[in-house]
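The values are calculated or read from the model by the stated rules, or taken from the named source; none is laboratory data. Not measured: the values here are computed from a predicted model. Cβ atoms come from the backbone with ideal geometry, glycine included; neighbour counts cover every protein chain shown.
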Amino acid sequence: MGIHTGPADPGDLLRLKKEQIGPAAEMLARAFGQDPKMGYFVPDEGKRLEIARHHFEFLLRYGLIYGEVYATSPQLEGVAVWLPAKKVEITLWRALRTGLFRFRKGVGKEALERILFFSEYIDGLHREHMPGP
């Protein structure tokens, strides 16, 4: 068995379907549930997986609308979202189209405030250190 270091062959990837968002979001929530960033978003471990699932559902829906979302197989062991540079910024209009109110209800006020604060901080660093797309 060799080590694969290049990009995946696009023929090996499957386009994620809308009906797969739920299972893919659950997989991502389990995979990133102990990630320090997710711990910052949701300090309460008892609520973290459920809130993370809503977070990833929103991001996957955004990817389906404004970019491309691929899965490694029908078992959804891994997923990837690709966004064109002009669609990376989640504007208010794009967030509304993606399901902002469902997202807000699913993650709750406290987690949403932390997610937005973190996103604004990272966006500021990006603008400072990488002014291009």
Open item on the list: Residue pairs, Cβ under 8 Å, 6 or more apart or interchain, first in the range 67-91 and surrounded by 14 or more Cβ atoms within 10 Å (Cβ to Cβ), second assigned to a loop (DSSP other than H, G, I, E, B) and among the small types (Gly, Ala, Ser). List them.
Closed with: ALA71/GLY78; THR72/ALA8; THR72/GLY78; VAL81/GLY67; LEU83/GLY67; LYS87/GLY67
Task: Residue in the range 93-101 that is of a type in the set (Gly, Ala, Ser), touching a Lys or Arg at 6+ places or on another chain (Cβ under 7 Å) and in a loop (DSSP other than H, G, I, E, B) present - done: yes
Open item on the list: Checking TYR121 against (1) modelled with pLDDT under 95; (2) farther than 18 Å from LEU28 by Cα; (3) hydroxyl-bearing (Ser, Thr, Tyr): exactly one of these is not met. Which one?
Closed with: (1)
Open item on the list: Anything in the range 56-81 that is under 17 Å from ARG97 (Cβ atoms) and part of a helix (DSSP H, G or I)? List them, or say none.
Closed with: GLU57, PHE58, LEU59, LEU60, ARG61, TYR62, GLY63, LEU64, ILE65, TYR66
TODO: Take the residues in the range 97-133 that are aromatic (Phe, Trp, Tyr) and free of Cβ contacts under 8 Å to residues at least 60 places away in the same chain, then tell me which one is surrounded by the most Cβ atoms within 10 Å (Cβ to Cβ).
DONE: PHE103
